[in-house]
């Protein structure tokens, strides 16, 4: 599956919160409109946990790609906040790779 979304609503500190987990395959042609559409459907307040195979120095990667620029643009234009420790989420045994 190229785009996988799991959504739950849970009570967190006496408040109902939407938690959305998103996985986007590297082969999937990710678009800004599609991500904005997904975000606009989320009941507020929400937390988005994502793995969209995007690379950007902003979140600790060693390189930048088009997906990383797209995700950064969505963060800034949607008034979202990045919460990240800049630690890798994937390790390759032959080389060091960061995937966020």
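Please find, within the stretch 1-41, the residue that is nearest to the chain's Cα centre (by Cα) out of those that are part of a loop (DSSP other than H, G, I, E, B), more than 21 Å from residue 69 (Cα to Cα) and at pLDDT 90 or above.
13
State the number of residues belonging to the stretch 42-58 that are part of a loop (DSSP other than H, G, I, E, B) and surrounded by 12 or more Cβ atoms within 10 Å (Cβ to Cβ).
Within the stretch 42-58, residues that are part of a loop (DSSP other than H, G, I, E, B) and surrounded by 12 or more Cβ atoms within 10 Å (Cβ to Cβ) number 6.
For residue 74, state whether it is in contact with a strand residue (DSSP E or B) (Cβ under 9 Å, 6 or more places away or on another chain), at pLDDT 90 or above, closer than 23 Å to residue 17 by Cβ and not in a loop (DSSP other than H, G, I, E, B).
no
The values are calculated or read from the model by the stated rules, or taken from the named source; none is laboratory data. Values in this document were obtained by computation on a predicted structure and should not be read as measured data. So basically every Cβ, Gly included, is an ideal-geometry build from the backbone, and we count neighbours across all protein chains shown.
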